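Okay, structure first, notes after.
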Amino acid sequence: MKIQSMTFGEMCGDGLFKDGDWIESKDQDPNGDVRIIQLADIGVGQFIDKSSRFMTLEKTRELNCTYLQEGDILIARMPDPIGRACILPATLQVCVTAVDVCIVRLDSKEIDSRWLMHKINSNGFNHQILQFVTGTTRKRISRGNLSKLKIDIPPIDEQKRIAVILDKAEEIKITSVKTSQTRNYFLNSVFSDLFGDILTNHSTCEYATLNDCSQFIDYRGQSPPKSPQGIRLITAKNVKHGHLNYDPEEFIDEAQYETWMSRGFPELGDVLFTTEAPMGNAALWPETGEKIAIAQRTICIRLDERIRPEYFLWLILSDWFKLKMNKLATGSTAKGIKSSSLKKIEIPIPPLEMQDQFGNIFKYYNSTNSKFEIQLSKSKMTILSTTQEMFI
């Protein structure tokens, strides 16, 4: 297969490759009929359609704005992440975009737009982007630097094949997110029905600080040397809202496992909690025979016999707990909480019958969704493995 290499600027050729327009607040009009596409609308491979800013057609003509077209690739030159790209879908409105968004409109029949969008969002291309980022507090990449980046272009038929495969992977990802959101909404409702009065009225049930009802295995400040393979490593990046995500995959050498985990080995029933970046995500320790190491901004919480892990998990993910946690957190840009502060938080300990009632519902619903998530994950990995060589 012949692969052609050229810079991003060369690839765009005679097509459109320019920044959006400099649109100030005074140029906007909530009653205008032209939509202003902003950074918030651009996701990684997905048009989010989040913003709601407008201007008049007359003002766009006055400013000589560039009108967007269906199929344009929009690249965000600012985080997060820098360089993410999506394709503008069909819209009934006239649209323009802001200056921190780069517009790519291809004129070549030898380059597939959806393939190019996926390529821009790939780890390899993102690594190139990070080499040209400027700024300290407001990091960005200029269009001039973007035009210098090298890109390998396979034949058009191969591009289209890869694009179809990666579109399917993106559909799986969106389905997974929606499934997780439905699960969380349902469990939030059940938890509120069972324990809402206890949390709001400070009822007569037993209360205890985390220091008194749990044990912490604290690996927050530790980051072990990584290995291409070996024992799976769980960091704060893998702990999500109520579940673990093994992406990104990281490992430590098996020979280091015993030494590294000297602070304690997590076990079934323990709860993982992230102390910063982000603060407050939590998940149950997985029911697996696989050896797993933990590190980096993560605390393993082991509960005493008065508290069921499913109840505790959803309690610390609740708004009630977040309010208490935020009062003890430190930092401005990225908030975090020390284990010594976390231990001071007092939590309600309802009767075990109530906790078990929630736990049974949680286990049933979580088991059903976990099987679906596993199938989605396997499908996605199978799909991505066929294109890995093109997107390293």
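The values are calculated or read from the model by the stated rules, or taken from the named source; none is laboratory data. Predicted model, so just to flag it, every value in this text is computed and none were measured. With ideal geometry, Cβ positions are generated from the backbone for all residues, glycine too; neighbour counts draw on all protein chains shown.
Data table
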{"read-out": "Meets criteria (of a type in the set (A, V, I, L, M), modelled with pLDDT of 95 or more and farther than 20 Å from residue 223 by Cβ) for residue 315", "value": "yes"}
{"read-out": "Sole residue being among the acidic types (Asp, Glu), closer than 28 Å to residue 366 by Cα and in contact with a Ser or Thr (Cβ under 9 Å, 6 or more places away or on another chain), chosen from 253, 152, 247", "value": "247"}
{"read-out": "Filtered residues of the stretch 106-127 (kept if of a type outside the set (Gly, Ala, Ser), assigned to a helix (DSSP H, G or I) and modelled with pLDDT under 90)", "value": "123, 125, 126, 127"}
{"read-out": "So residue 275, is it of a type in the set (S, T, N, Q) and surrounded by 21 or more Cβ atoms within 10 Å (Cβ to Cβ)", "value": "yes"}
{"read-out": "Residue 176 vs. criteria out of contact with any Phe, Trp or Tyr (no Cβ under 7 Å at 6 or more places or on another chain), closer than 18 Å to residue 312 by Cβ and of a type in the set (Gly, Ala, Ser)", "value": "no"}
{"read-out": "Residue within the stretch 303-318 that is small (Gly, Ala, Ser) and farther than 20 Å from residue 224 by Cβ present", "value": "yes"}
{"read-out": "Single match in 327, 322 (criterion: closer than 15 Å to residue 242 by Cα and loosely packed, with under 15 Cβ neighbours inside 10 Å)", "value": "322"}
{"read-out": "Sole residue being in contact with a Cys (Cβ under 9 Å, 6 or more places away or on another chain), surrounded by 13 or more Cβ atoms within 10 Å (Cβ to Cβ) and not polar (S, T, N, Q), chosen from 103, 82, 37", "value": "37"}
{"read-out": "Any chance residue 50 is assigned to a loop (DSSP other than H, G, I, E, B) and either in contact (Cβ under 8 Å) with a residue 12 or more places away in the chain or surrounded by fewer than 13 Cβ atoms within 10 Å (Cβ to Cβ) (or both)", "value": "yes"}
{"read-out": "Selected residue (only one of 136, 209, 175 is of a type in the set (S, T, N, Q) and more than 29 Å from the chain's Cα centre (by Cα))", "value": "209"}
{"read-out": "Boolean, residue 72 is of a type in the set (Asp, Glu), closer than 18 Å to residue 20 by Cα, under 23 Å from the mean Cα position of the chain (by Cα) and surrounded by 15 or more Cβ atoms within 10 Å (Cβ to Cβ)", "value": "no"}
